[in-house]
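Please read the structure below before turning to the comments.
Each value in this text was obtained by applying a stated rule to the coordinates, not by laboratory testing. As the structure is a computational prediction, the values presented were derived from the model and not from experiment. We place every Cβ from the backbone using ideal geometry, glycine too, and count neighbours over all the protein chains shown.
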Amino acid sequence: MGVAIETQSAAELLSDNIDARLIAVLDFNTARDLLINRPHEAETLKNIGVSATNADRFIRPWINDAFRKPNNWSKLDRGELPVTTTYSKLRDLCTKK
């Protein structure tokens, strides 16, 4: 009798890690419980409940510090994270130049 072990690729593990980190920071900046009611790919920051002020003051710098700076990517400047940004695009900002 063997035990089936499900494995994930490195890309899947990285994606799960980024999603977990994004959910944590977004959850802190909204009234919505994102652990229970996770955002959909096409859902915008505004629909998730993130204000323009919180997007620019807290989430943008967090993305810069957590993802862009360690990879030597250009920082997101003020106004580059509008509330019309989708969750999918937000994840891309954490994984691509």
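Brief remarks follow.
- In nm, spacing of pseudo-spin labels at Arg57 and Asp19 (7 Å Cα→C-beta vector): 3.1
- Within-13-Å neighbourhood charge of Thr86 [Cβ basis; K, R +1; D, E -1]: 0
- Here the extension length gained between Lys46 and Asn72 equals 6.5 nm, from 0.36 nm per residue of separation less the Cα-Cα distance.
- For the range 12-95, the convex hull drawn through the C-alpha positions has a volume of 82 cubic angstrom per residue.
- Computed from the C-beta positions of Thr95 and Ala31 and an R0 of 41 Å, the FRET efficiency is 0.90 to the nearest 0.05.
- By the rule of a C-alpha distance below 17 Å, with chain neighbours fewer than 8 residues away ignored, the lysines paired with Lys46 are Lys89.
- Vicinal HN-Hα couplings computed from phi for the range 32-39 (Karplus, 6.51 cos²θ - 1.76 cosθ + 1.60; Hz; Gly/Pro x): 7, 7, 6, 6, 8, 10, 5, x
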